[in-house]
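The block underneath contains the structure these notes are about, expressed in structure tokens.
The values are calculated or read from the model by the stated rules, or taken from the named source; none is laboratory data. Owing to the predicted nature of the structure, the values given are computational and were not obtained by experimental measurement. No Cβ is skipped: glycine too gets one built from the backbone with ideal geometry, and neighbour counts run over all protein chains shown.
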Amino acid sequence: MFNSLEASPALLKLAVATFLAAALLGGPAALAAPFDEGMWTFDNPPLERLERDHGFIAGQDWFDHVRQSSVRFNDGGSGSFISPEGLVLTNHHVGFGAIQKLSSEGKDYVKNGYYAATKDAELKCQDMELNVLVSIEDVTKTIAGAVASHAPPKEANDQRKAAIARLEKEETEKTGLRCNVITLYQGGEYALYRFKKYTDVRLVFAPEEQIAFFGGDPDNFNFPRHDLDMAIFRVYEDGKPASTPHYLRWSVEGPKVNDLVFVSGHPGSTERLKTIAQLEYQRDVAYPFQLKSFERRLGVLKAFSAKSEESARRAKSQLRSIENTVKARRGEFQGLSDERLMERKADEEKKLRDYVGAHPDLSKEAGGAWDDVARARVKAKSIFVRSSFSTFRGSRLLAIAGSIVRLTAELEKKNEDRLEEYGDAKLDSLKLSLFSPAPIYGDLEETTLTDAFAEALEALGAGDPYVKATLDGKTPAAAAKAAVAGTKLFDAKARKELVDGGRKAVEASDDPMILLARRIDPISRELRKTTEDEIESVETVAGDRIAKARFQAYGRTVYPDATFTLRLAYGTVKGYTTAAGYEVPPFTTFHGLFERSGAFGNSGPFAIPARWTERKQAIRHETPFNFACTCDIIGGNSGSPAVNAKGELVGLIFDGNIESLVARFIYDDVVGRAVCVDSAAMLEAMRGIYQAEALVQEILGAADPR
């Protein structure tokens, strides 16, 4: 029995130190170790490594099938098709926002769970978009060719963005698909990703939050775990369940120790190819600020939640998200603060710079790129605080108002001249979110906006242009109350009327939230322009030069940093040894769940839902519940399927352990682990606890051994 590992700063420091001691053992020579490392694009899977290290050989059809069975949740997270009629499996915490939006004070599907025994009972989500990657095309020549040779950084950046906007619009209009140009290798490559988009998505099954997030924040980013962190949706087309011939067949038994497993998902972002100057900026500037700000917001949300059960329900989605973010950021910050990690990154950079220096032509092209990035980071530091606050922050309503103000202004420009998020190729997704009928709670909005204004006042001072614009002579509380109480933007129809009316309607509006957004907009635009012209443009040009050097040195044996696009990772099912010397086996069981709950008196985050207690005898307690593996993942991989060599679904990624939190910057398979829900556990729970036999039959089909 393992006690809960609270993520205190001391524990995080110890966990990170253990990770780094293992990862860095042997010094620079360890860089060549055959780790199961990498978030590989599907057009460049590591075939030689897979055959060499695991004896895995597969044809292109295997990779195509897994790719087309994989799903991206556009608001963050991953999933997979699990039936030919559009069933999609993901995490409960990925679907949490949608489940909460479908809930109300009288129908709390987050707390009580939900199961649609028939298709007629499936609940339509209000603003969910799912994407499936249809194709990848290398468009590096097209994008790079649109940039004039030796153009100044600002001009080059503008030309690059215009070329991307044009290509995205042309491809979207030609194919009817969602088309995005993805920047890879810091600008060394550009790829056109075409996605099939689903916007009619319905909730089929979700367990109670208490079992999906068993152990709560104390167990988050830890292992052993006992969570049924799953949810099932269905995609529809033309009012009918979508036909999805590519789907993952379900493994009834799940994986075994040392089995090879693959993870096909959408890791959000990594910084493994960043320069030392960029990493030092994160360590010294960005992370300390972010941690302080997120922890403050966490305190505000906890205080709001304590007011009543309904207040807690309303704030839960934000609270859970920020709790998760704070814990992750602490681990990442501890990693960046460890001298050994930074020494390893410095050694990697030195090797590449030495390679460049040894090749005169390459040195002339890329030799000064690292210094250019360092100077850009100095500029970024000088405007960081103002840029962080001078946005439409602190409120869903203010974010909506800001989008309306900017959208109506940007639509009067040519597509390639707009801010990139308002390009034609992105408008449908933007409007889906903007016109969502999902409930917005005024009391929560006023609380969070008040604190956002107060935080900005404390950080920037009363004389700052943003503070003057937001407070307009009032206190933070009075300014927030006036904006929230008088706005009509709670109503999706009112938002649509403003957008349909264009810039003139927005300029004529007396809605206090729109007026607030209009005062903020020019301040925010000015800071953004400085960022794009003097920082982003310089780093993009320099990054491209560094990328060319890296390609010449390593080719495509190096994978690109994560970009919230589909990647393939692989590893083995394996336990590990903790910082305290405990041997942690790779599997937990249902028996361990009940034992752990009992050790805490079946209370607090370790309480088991009543349904589980009542139907305890309906499940086999020796069934594997969660398992750990060495697959290379990060935030955004949540909901990713874990598949075996046959391409069968054997697990569902939902977390990593504390030791894996520095994976944003480095990877090691000694103690860092990805954590999955076992496919056998999900079946056992759906059948025995939730009696969802119709759902199980659809998932298993003819493969059902019973």
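Worth pointing out:
- Pairs where the first residue, in the stretch 99-125, is over 22 Å from Phe214 (Cβ atoms) and the second is in a loop (DSSP other than H, G, I, E, B) and at pLDDT below 95, C-beta under 6 Å, 6+ apart: Lys101/Gln126; Lys101/Ala438
- Boolean, Ala459 is of a type outside the set (Lys, Arg), part of a helix (DSSP H, G or I), surrounded by fewer than 15 Cβ atoms within 10 Å (Cβ to Cβ) and out of contact with any Asp or Glu (no Cβ under 6 Å at 6 or more places or on another chain): no
- Remark: pairs (first residue in the stretch 282-300, within 14 Å of Ala452 (Cα to Cα); second residue of a type in the set (Asp, Glu); Cβ separation under 6 Å; 6+ apart in sequence or on different chains) = Val300/Asp451.
- The requirement of being among the aliphatic types (A, V, I, L, M), more than 19 Å from Asp668 (Cα to Cα) and surrounded by fewer than 24 Cβ atoms within 10 Å (Cβ to Cβ) is fulfilled nowhere in the stretch 562-584; no residue meets it.
- Positions within the stretch 70-115 being small (Gly, Ala, Ser), under 20 Å from Leu652 (Cα atoms) and more than 19 Å from the chain's Cα centre (by Cα), in sequence order: Ser83, Gly86, Gly113
- Filter pass, Ala607 being aliphatic (A, V, I, L, M) and modelled with pLDDT under 95: no
- Every residue from the stretch 185-214 that is at pLDDT below 95 and in a loop (DSSP other than H, G, I, E, B): Gly188
- Restricting the stretch 261-299 to residues that are among the aliphatic types (A, V, I, L, M) and farther than 25 Å from Ala374 by Cα, the residue that is surrounded by the fewest Cβ atoms within 10 Å (Cβ to Cβ): Leu298
- Meets criteria (within 21 Å of the chain's Cα centre (by Cα) and either crowded, with 20+ Cβ neighbours inside 10 Å or among the hydrophobic types (A, V, I, L, M, F, W, C) (or both)) for Gln210: no
- Of the residues Asn180, Asn222, Asn258, the single one that is within 25 Å of His92 (Cβ to Cβ) and either in contact (Cβ under 8 Å) with a residue 24 or more places away in the chain or assigned to a loop (DSSP other than H, G, I, E, B) (or both) is Asn222.
- Enumeration of residues in the stretch 401-425 that are among the charged types (D, E, K, R) and in contact (Cβ under 8 Å) with a residue 24 or more places away in the chain: Arg406, Glu412, Glu416, Asp417, Arg418, Glu420, Asp424
- Only one of the numbered conditions (1) under 30 Å from Ala469 (Cβ atoms); (2) of a type outside the set (Asp, Glu); (3) in contact with a helix residue (DSSP H, G or I) (Cβ under 9 Å, 6 or more places away or on another chain); (4) surrounded by fewer than 16 Cβ atoms within 10 Å (Cβ to Cβ) is not met by Ser382, and that is (3).
- Matching residues in the stretch 108-137 - criterion: being assigned to a strand (DSSP E or B), more than 24 Å from Phe435 (Cα to Cα) and of a type in the set (D, E, K, R): Glu137
- Only one entry of Ile666, Ile658, Ile633 meets the criterion of being surrounded by fewer than 24 Cβ atoms within 10 Å (Cβ to Cβ) and either of a type in the set (Val, Ile, Thr) or within 18 Å of Lys574 (Cα to Cα) (or both), and that entry is Ile666.
- Cβ-Cβ under 9 Å pairs, at least 6 apart or on other chains, the stretch 77-95 side assigned by TED's automatic domain parsing to the domain that holds Leu652, far side modelled with pLDDT under 95 and assigned to a helix (DSSP H, G or I): Ser83/Gly701; Pro84/Gly701; His93/Arg320; His93/Ser321; His93/Asn324
- In the stretch 92-110, residue surrounded by the fewest Cβ atoms within 10 Å (Cβ to Cβ) [restricted to those that are out of contact with any helix residue (DSSP H, G or I) (no Cβ under 7 Å at 6 or more places or on another chain) and closer than 21 Å to Tyr236 by Cβ]: Lys101
- Qualifying residue in the stretch 417-438 (condition: closer than 28 Å to Ile182 by Cβ, among the charged types (D, E, K, R), at pLDDT 95 or above and in a loop (DSSP other than H, G, I, E, B)): yes
- Test: Asp229 is among the acidic types (Asp, Glu) and in a helix (DSSP H, G or I): no
- Residue in the stretch 365-373 that is touching a helix residue (DSSP H, G or I) at 6+ places or on another chain (Cβ under 6 Å) and either surrounded by fewer than 15 Cβ atoms within 10 Å (Cβ to Cβ) or basic (Lys, Arg) (or both) present: no
- Within the stretch 158-172, residues that are surrounded by fewer than 21 Cβ atoms within 10 Å (Cβ to Cβ) have Cβ atoms under 8 Å from residues that are β-branched (Val, Ile, Thr) in these pairs: Gln159/Val147; Ala163/Thr142; Ala163/Ile143; Ala163/Val147, counting only partners at least 6 apart in sequence or on another chain.
- With respect to (1) among the small types (Gly, Ala, Ser); (2) under 27 Å from the mean Cα position of the chain (by Cα); (3) assigned to a helix (DSSP H, G or I), the lone exception for Ser363 is condition (2).
- The residues listed here are Glu622, Glu595, Glu534, Glu526; of these, the one that is within 30 Å of Pro152 (Cβ to Cβ) and touching a residue at least 24 places away in the same chain (Cβ under 8 Å) is Glu534.
- Pair list, Cβ < 7 Å and 6+ apart or interchain, from the stretch 189-218 residues that are in contact (Cβ under 8 Å) with a residue 12 or more places away in the chain to residues that are crowded, with 24+ Cβ neighbours inside 10 Å and among the small types (Gly, Ala, Ser): Leu203/Ala98; Phe205/Ala231; Ala206/Gly95; Ala206/Ala231
- The strands (runs of 3 or more DSSP E) located wholly in the stretch 628-704 that include 3 or more residues which are within 24 Å of the chain's Cα centre (by Cα) and farther than 27 Å from Gly59 by Cα occupy 649-656.
- Taken over the stretch 562-592, the criterion of being outside any strand (DSSP E or B) and either under 25 Å from Gly635 (Cβ atoms) or of a type in the set (Phe, Trp, Tyr) (or both) is satisfied by Ala562, Thr563, Phe564, Thr565, Leu566, Lys574, Gly575, Thr578, Ala579, Tyr582, Pro586, Phe590.
- Residue check for Asp451: of a type in the set (Asp, Glu) and surrounded by fewer than 16 Cβ atoms within 10 Å (Cβ to Cβ): no
- Condition met for Arg344 (part of a helix (DSSP H, G or I), more than 27 Å from the chain's Cα centre (by Cα) and over 30 Å from Gly394 (Cα atoms)): no
- From Ala483, Ala494, Ala459, Ala479, residue being more than 30 Å from Ile182 (Cβ to Cβ), hydrophobic (A, V, I, L, M, F, W, C) and in contact with a Pro (Cβ under 9 Å, 6 or more places away or on another chain): Ala483
- Glu332 being part of a helix (DSSP H, G or I), crowded, with 19+ Cβ neighbours inside 10 Å and acidic (Asp, Glu): yes
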